[in-house]
Amino acid sequence: MGAAPTTASDESDESQMLAYAGGSTEAFERLYARHRGGTYRYLLRHTGNRATAEELHQEVWLKVVRARDAWSPQARFTTWLYTIARNGLVDHWRTRRGTRFVSLDDEGVESAVEAALMHGGEEAGPLSMTMHVESGQRLVAALEAIPPAQRDAFLLHVEGGLALREVAALSGASIETVKSRLRYAYGRLRTALEDLQ
Amino acid sequence: MKTWRPEEGDDFDTAIDAAWRKASREEPRPHVDAAILAAARTRRPWFATWQPLAAAAAVAGLAFLLVQLLPRERELEQPIRMESQQPAAVPAEQPGVSAKATMQGSTEPAAIAPRVRENQVRKLDQPVPDSALALPQEAVEAGESLSDAAPGPRQLSKEPRASGELAAGAPAPAAAAERAAARAESSSLAAPTAQMPPAQWAKLIETLYAAGDRTVAAAQLRAFRTEHPDADRYLPEALQEWASAVE
């Protein structure tokens, strides 16, 4: 997380969160409207199950609600929000896979996570729910095929809107590592679209 | 995203980003949104805000009470220690005996002796000469001759030291045993003073009383009465009331 306090303009996420801590529920509604889709899709792409994604999504936002009084703008709101989401995801996988710890950064367990996502009982496939456009299906299928660490970097970057350094700080990797993961992910998605054309 | 400003190197492929955003449009169902927004609208009750402060105040209050109670416990311990140490003071004041104790390396009675004198002056408000504390040489010798039956002054000078050592590091249950031993010692103190002149004996009792060692003083008074039926007559006015209570 960034150490320097973030100055917040009136419309920024940070000022909305502070306003919510001050009692403005409208500020929370604005904040939620901005990020509800991003957090939900981030969780949906990782879990591949709508019900699980909704459950985790609800938990994430309830944590935000509970933390309103203690929150201070030490970092961007989105960085904090996606840290909560990511931790919730890791906890979810850890619970599902017993005591074995599964990390999104752990390249060694990527195949195990991949297998769990692709063949995990009720979870038929992570990204095959409501994609109607063929290019979209291709993209989803391509993202499904890449290792979780790269997928996570891509989703944090695109769905969360996090900058490279924020993704790096959140995932505990170096900026160069994150850059490399993103290049790989974009390359796979680009190939998927080129095959379509 | 409104708050996101791409940094250098952040733009990998805008076409892929656009295609992804076009394809990925799922959103949580309304009932999920409703549950989250309902939770967000629920304000915490006022007491929930003050609960941590109230808990902290309660803990602080309990800690303060405990701190207030602790010195009282120490005060209770002190008289017990004093009681177990005081028999050591009496033989220390006896000439010959204290010299022997010093020769044997016993320093505790000598250290306690000045305190005994201070107490005597403070409590009776009249100076008592050191000679009043002295036992006649023949009494000391008589005490030594009785050492088989009862512990003599030399033995007594050793035993309180041992009990003093116990008091320093012994656990609380040992204190009761020490007190019983001190009582037994005090009753045996009467033997060497049997041949003492009545006035000197009375002075010794007065000194013991002034030093706060009532048990030994009472034992001496009983022995004094046995030897001299009119013993109470020799006691000063200040001790008359206390003496009447000693059976």
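Laboratory data are not the source of any read-out in this text; all were calculated from the coordinates shown. Worth saying up front: this structure is predicted, and the values here are computed from it rather than measured. A quick note on method: Cβ atoms are made from the backbone with ideal geometry, for glycine too, and the neighbour counts reach across all protein chains shown.
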Based on Cβ point charges of +1 for Lys and Arg and -1 for Asp and Glu, what charge dipole magnitude is obtained for the range A:12-101 about its Cα centre, in debye rounded to the nearest 20?
500
Placing each pseudo-label 7 Å from Cα in the direction of the beta carbon, residue B:29 and residue A:183 end up separated by a distance in nanometres of 4.3
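How high is the relative contact order of the range A:12-101, in percent, counting Cα pairs under 8 Å that sit 6 or more residues apart?
Values: 59 pairs, mean separation 27.8, N = 90.
After rounding, I find 31 percent.
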Average partner chain C-beta neighbours within 10 Å, per residue of B:28-39?
6
Ordering of A:57-63, A:172-178 by burial proxy (mean other Cβ atoms within 10 Å per residue, highest first):
A:57-63, A:172-178
Per 10 Å bin, what is the whole-percent P(r) computed from every C-alpha pair distance within the range A:149-197?
30, 50, 17, 4
Cβ-Cβ cut-off under 11 Å around residue B:205, Lys and Arg +1, Asp and Glu -1: the net charge is +1
The alpha-carbon pair-distance distribution computed for the range A:12-101, with 5 angstrom bins and whole-percent values, is 3, 14, 25, 23, 16, 11, 6, 2, 0
Output ³J(HN,Hα) for the range A:22-27: one whole-Hz value per residue in order, computed from phi by the Karplus curve 6.51 cos²θ - 1.76 cosθ + 1.60 with θ = phi - 60°, and x for Gly and Pro.
x, x, 8, 6, 5, 4
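Could you rank the peptides A:151-161, A:33-43 by their average count of other C-beta atoms within 10 Å per residue, with the highest value first?
On the way: A:151-161: 25.4, A:33-43: 21.9.
Packing proxy ranking, top to bottom: A:151-161, A:33-43.
Over all residues in A:55-61, what is the mean tally of Cβ atoms on other chains that come within 10 Å of each residue's Cβ? Before the final figure, lay out the partial values.
Numbers: counts 1, 0, 5, 7, 1, 1, 8.
That works out to 3 on average.
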Across peptide A:184-191, what mean number of C-beta atoms from other chains lies inside 10 Å of a residue's C-beta?
3
